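The values are calculated or read from the model by the stated rules, or taken from the named source; none is laboratory data. Note that the structure is predicted; figures quoted are calculated from it, not measured. Backbone-built Cβ (ideal geometry, glycine too); neighbour counts: all protein chains shown. Note: areas computed on protein heavy atoms with side chains; ligands, DNA, RNA excluded. Shrake-Rupley method; radii C 1.70, N 1.55, O 1.52, S 1.80 Å.
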Amino acid sequence: MNVQIFGTKKSFDSKKAERYFKERGIKYQFIDMKEKGLSKGEFGSVCQAVGGYEKLIDQNCKDKDLLALVTYLSEEDRAEKIWENQKIIKTPIVRNGKQATVGYQPDVWKMWN
């Protein structure tokens, strides 16, 4: 397994995801999204794995203005705006090869090999 956890150090769910893999002895790489976000390719891959960039948006994010802006942008501009402003992405994003999840989802991670 090649697990990557994209999250923030202050995110409770990111910490829970790290603990989940640590307790099972599964090696993972933690990427702090405040320091280094998703690359364009990673963003595209995650969007494809989770079923679209709409699933990445955190409806409870603190920046309500940005959330409103993204909601009303045209389809073609929306993905670009989300990638440029990754603070509205729900964390953690957990990747294992071509598979990915958004949020804390241990039931899905159990199925991964």
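Too long at a 24 Å Cα-Cα cut-off: which of K81/K110; K27/K90; K22/K55?
Table pairs above 24 Å Cα-Cα are K81/K110; K22/K55.
Got a sec? Which residues in the stretch 33-67 would a label at R24 touch, if it sits 7 Å along Cα→Cβ and we count backbone N under 13 Å?
none
Given the peptides 6-16, 73-83, arrange them by the average over their residues of other C-beta atoms within 10 Å, most packed first. Walk me through the intermediate numbers first.
Values: 6-16: 17.1, 73-83: 13.5.
For the peptides 6-16, 73-83, the packing ranking is 6-16, 73-83.
From the protein chains alone at 1.4 Å, what is the descending order of accessible area for E84, E23, largest first?
E23, E84
Provide the packing ranking of 102-108, 86-92, 64-70, i.e. peptides ordered by the mean count of other C-beta atoms within 10 Å per residue, highest first.
By packing density, highest mean first, the sequence is 86-92, 102-108, 64-70.
Rounded, prolate or oblate for the stretch 46-93? Axes are the square roots of the Cα gyration tensor eigenvalues, ordered a ≥ b ≥ c, and the cut-off for rounded is a/c under 1.5.
Oblate shape, in that a/c is at least 1.5 and b/c is the bigger or equal ratio.
I want the local charge near G103. Using Cβ-Cβ distances under 11 Å, sum +1 for each Lys or Arg and -1 for each Asp or Glu among the other residues.
Once positives and negatives cancel, what remains is +1.
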